[in-house]
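The values are calculated or read from the model by the stated rules, or taken from the named source; none is laboratory data. In this text the structure is predicted, and so the values were computed from the model without any measurement. Using ideal geometry, Cβ is built from the backbone for each residue, glycine included, and neighbour counts are taken over all protein chains shown.
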Amino acid sequence: MAQYQITKGPSKFDLSVALFHRPTNGEQYHTVTFTLEGGREVTGVLNSVSIEDGSRESWLIGGWFRSTKGSTNYTGYFDTRHRKGYLKFD
């Protein structure tokens, strides 16, 4: 499983919207976008968030990305204070 560093991710508000609110634009899911090392952007669905520590800023995340090969699941860690972390793709 490859691990990629997140250099810029969503705000805490955008993370919560992606997880808890239904989209109003006809889409089935809200998406989040992460910028990875090297400037590559990936946009996907967030379907799990759990508390990593007691700060309410560190999160264990999971979801999936659409790709030309279908969909790819991911897990990772994300710090909303610094908007950095990592993603692991299945």
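Numbers for the structure displayed
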{"item": "Residue that is farthest from His21 (Cα to Cα), among those in region 33-49 that are under 12 Å from the mean Cα position of the chain (by Cα) and not β-branched (Val, Ile, Thr)", "result": "Leu36"}
{"item": "Those residues of region 63-83 which are surrounded by fewer than 16 Cβ atoms within 10 Å (Cβ to Cβ), touching a residue at least 12 places away in the same chain (Cβ under 8 Å) and not β-branched (Val, Ile, Thr), in sequence order", "result": "Arg66, Asn73, Arg81"}
{"item": "Qualifying residues in region 49-60 (those that are touching a residue at least 24 places away in the same chain (Cβ under 8 Å) and assigned to a strand (DSSP E or B)) - the one surrounded by the fewest Cβ atoms within 10 Å (Cβ to Cβ)", "result": "Val49"}
{"item": "Meets criteria (exposed (fewer than 11 other Cβ atoms within 10 Å of the Cβ) and part of a strand (DSSP E or B)) for Thr43", "result": "yes"}
{"item": "Among (1) farther than 14 Å from Gly9 by Cβ; (2) modelled with pLDDT of 95 or more - the single one Tyr77 does not satisfy", "result": "(1)"}
{"item": "Subset of region 31-40 [at pLDDT 90 or above and assigned to a strand (DSSP E or B)]", "result": "Val32, Thr33, Phe34, Thr35, Leu36"}
{"item": "Lone qualifier among Pro23, Pro10 - being at pLDDT 90 or above and in a loop (DSSP other than H, G, I, E, B)", "result": "Pro10"}
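Residue by residue, here is whether (1) among the hydroxyl-bearing types (Ser, Thr, Tyr); (2) in contact (Cβ under 8 Å) with a residue 40 or more places away in the chain; (3) farther than 19 Å from His82 by Cβ; (4) exposed (fewer than 13 other Cβ atoms within 10 Å of the Cβ) holds:
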residue: Ala2; (1), (2), (3), (4): no, yes, yes, yes
residue: Gly9; (1), (2), (3), (4): no, yes, no, no
residue: Asp14; (1), (2), (3), (4): no, no, no, no
residue: Thr24; (1), (2), (3), (4): yes, no, yes, yes
residue: Thr31; (1), (2), (3), (4): yes, no, yes, no
residue: Glu37; (1), (2), (3), (4): no, no, no, yes
